[in-house]
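For reference, the structure is listed below as C-alpha cells.
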Amino acid sequence: MVTDGYYSKKKFTDGVVDIGLHQIGKLRHDANLRYLYQGPQKPRGRRRQYDGKVQFDDLSRLKWVREMEGVYIYTTVVHSVGLKRTIRITYLLKPDGHRLQTALLFSTDTELSAEQMYRYYKARFQIEFLFRDAKQFTGLSDCQARSKEALHFHFNAAMTVLNLLKLEDRQQASNSQGHVISIMSWKIRKFNAHLLQRFSEKLGLDFSLIKSHPAYETLQNYGATAA
C-alpha cells in the first residue's frame, strides 16, 4: 500500500501490516531514525541494537544505489522510533538549479529494493489522478447504494468508463507529441454525440448520414476545452 506522509503513523502502519500488507510512505526529514548495530556483541549483558541517529547531512552510512531520471538514490535499513519497527528507507536527491530537492521514503518491507520503492511511490500520483477524474467526471462518489455488491459494481463501472476514455484518447493521439488528456473534454464530446443522436431519432433523421457530415466533428467538439 502506497500512502502519503499523513499516514506515516504507527497506528496506521500497524493496521496495514496486520492485514498482511506492506506500506510504502513518506517521512519527515527530521524523523527519529536509528542505524542498526552490525558490529560484534559483548559476551555478556544486553545485546546492542542501535548505532546512532540517522543524519542526512552525512550520507556516508547510506548505501548508494544509482541515478534514475536525474534522481540520486540512497538506501539502508534502520529502526524507526516513531513507527517502533525496522524499516527500509530510500533517500532521494534531485539537483534543481542552485537548489537540491530531497525526499525520504520508507517501506515496512525491508527486502524491497530502493528502485522499486521509488517507482511505486512515483506511481501513486497517477493513481490519485484516476480518483480525481473519476470523482469529477464519471460519478465515482455519487452512488447512494449501501450494499457491498452495489457499491462494488458502481466503483468498477466508474473506473471502467474512465479507463475506456483514456484508451480511446491514447488511440487517437498515438502520433501526437506532448499530448495531455482532458477527461472533461471527452465527457463533453460524448454528451454532444449522444445529444445529436437523440435529436436525429426524435426528428426521424438518418443518424449515419449525420455522422458522415463534415460538420459532425465540429458539433461533437462544441464546448470542449481541448480538441
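What are the residues in the stretch 23-58 that are open to solvent by 40 Å² or more (accessible area, probe 1.4 Å) and within 19 Å of Leu92 (Cβ to Cβ), if any?
Correct list: Lys26, Arg28, His29, Asp30, Gln55, Asp57, Asp58.
Mind telling me which of the residues Arg124, Arg88 ends up being within 21 Å of Ser60 (Cα to Cα) and in contact (Cβ under 8 Å) with a residue 24 or more places away in the chain?
Values: Arg124 fails: within 21 Å of Ser60 (Cα to Cα).
It is Arg88.
State yes or no: is Phe131 under 30 Å from Leu165 (Cα atoms), free of Cβ contacts under 8 Å to residues at least 12 places away in the same chain, surrounded by 13 or more Cβ atoms within 10 Å (Cβ to Cβ) and not hydroxyl-bearing (Ser, Thr, Tyr)?
Numbers: under 30 Å from Leu165 (Cα atoms): yes; free of Cβ contacts under 8 Å to residues at least 12 places away in the same chain: yes; surrounded by 13 or more Cβ atoms within 10 Å (Cβ to Cβ): yes; not hydroxyl-bearing (Ser, Thr, Tyr): yes.
Yes, satisfied.
Of everything in the stretch 41-72, what is of a type in the set (D, E, K, R) and assigned to a loop (DSSP other than H, G, I, E, B)? Give them in sequence order. Give the derivation first.
From the stretch 41-72, those of a type in the set (D, E, K, R) are 42, 44, 46-48, 51, 53, 57-58, 61, 63, 66-67, 69; that's our starting set.
Of everything in the stretch 41-72, those that are of a type in the set (D, E, K, R) and assigned to a loop (DSSP other than H, G, I, E, B) turn out to be Lys42, Arg44, Arg46, Arg47, Arg48, Asp57, Asp58, Arg61, Glu69.
Is at least one residue of the stretch 3-17 under 13 Å from Leu104 (Cβ atoms) and either of a type in the set (A, V, I, L, M, F, W, C) or in contact with a helix residue (DSSP H, G or I) (Cβ under 8 Å, 6 or more places away or on another chain) (or both)? Even if it seems obvious, please write down each step before you answer.
Filtering the stretch 3-17 for residues under 13 Å from Leu104 (Cβ atoms) gives 4-5, 8.
Of the ones still in play, those that are also either of a type in the set (A, V, I, L, M, F, W, C) or in contact with a helix residue (DSSP H, G or I) (Cβ under 8 Å, 6 or more places away or on another chain) (or both) are 4.
Within the stretch 3-17 (the criterion being under 13 Å from Leu104 (Cβ atoms) and either of a type in the set (A, V, I, L, M, F, W, C) or in contact with a helix residue (DSSP H, G or I) (Cβ under 8 Å, 6 or more places away or on another chain) (or both)), the answer is yes, since at least one residue qualifies.
A quick yes/no check of all residues on (1) more than 30 Å from Met1 (Cβ to Cβ); (2) in contact with a helix residue (DSSP H, G or I) (Cβ under 8 Å, 6 or more places away or on another chain); (3) exposed (fewer than 11 other Cβ atoms within 10 Å of the Cβ); (4) of a type in the set (Ser, Thr, Tyr):
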{"position": "Gly139", "(1), (2), (3), (4)": "no, yes, no, no"}
{"position": "Ala158", "(1), (2), (3), (4)": "no, yes, no, no"}
{"position": "Arg170", "(1), (2), (3), (4)": "no, no, no, no"}
{"position": "Leu196", "(1), (2), (3), (4)": "yes, yes, no, no"}
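The values are calculated or read from the model by the stated rules, or taken from the named source; none is laboratory data. Here the structure is a predicted model, which is why all the values come from computation and not from measurement. No Cβ is skipped: glycine too gets one built from the backbone with ideal geometry, and neighbour counts run over all protein chains shown. Areas reflect the complete protein model, heavy atoms only, side chains present, ligands, DNA and RNA absent. Shrake-Rupley method; radii C 1.70, N 1.55, O 1.52, S 1.80 Å.
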